[in-house]
Amino acid sequence: MSAIMHAMVSWKLGNPCAWGGSMMYWLLQPVAFIIEGVVWFYWGKLRKRLDGRVGYETLNTFERLVGYGWACMWLMWGAPKRDFALLTCT
């Protein structure tokens, strides 16, 4: 639904290629959500075992670093695909 809504806005703003590569970018967003959900599920199980062995602040810092790293990696991988599709549209 999000991909369709983003494509409609892009098309309405005058982008004739809104239904192509840009839409594929938005269709991939749920894939990232699923990956995050699976990682969080297994991390929760592992974290319960690590409680007491590793400090609370250490675990929180690790989670923050992994979270920011994941977000940066996803944006660096995906944003060029979205932007390039819009920039090279003829």
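Each reported figure results from applying straightforward, stated rules to the coordinates on display, with no laboratory input. Bear in mind that the values here come from a model prediction, so they are computed numbers and not experimental data. Neighbour counts run over all protein chains shown; Cβ positions are idealised from the backbone, glycine included.
Summary of values
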| read-out | value |
| --- | --- |
| Per-region count, the range 53-78, residues free of Cβ contacts under 8 Å to residues at least 24 places away in the same chain, small (Gly, Ala, Ser) and either touching an Asp or Glu at 6+ places or on another chain (Cβ under 6 Å) or part of a helix (DSSP H, G or I) (or both) | 3 |
| Residues of the range 64-73 classified as more than 30 Å from Met1 (Cα to Cα) and surrounded by 11 or more Cβ atoms within 10 Å (Cβ to Cβ), total | 0 |
| Residue match in the range 26-45 (condition: aliphatic (A, V, I, L, M) and closer than 19 Å to Ala85 by Cα) | yes |
| Residues (among the small types (Gly, Ala, Ser) and surrounded by fewer than 10 Cβ atoms within 10 Å (Cβ to Cβ)) located in the range 1-36 | Gly14 |
| Residues located in the range 35-59, provided they are over 30 Å from Thr88 (Cα atoms) and among the β-branched types (Val, Ile, Thr) | Val38, Val39, Val54, Thr58 |
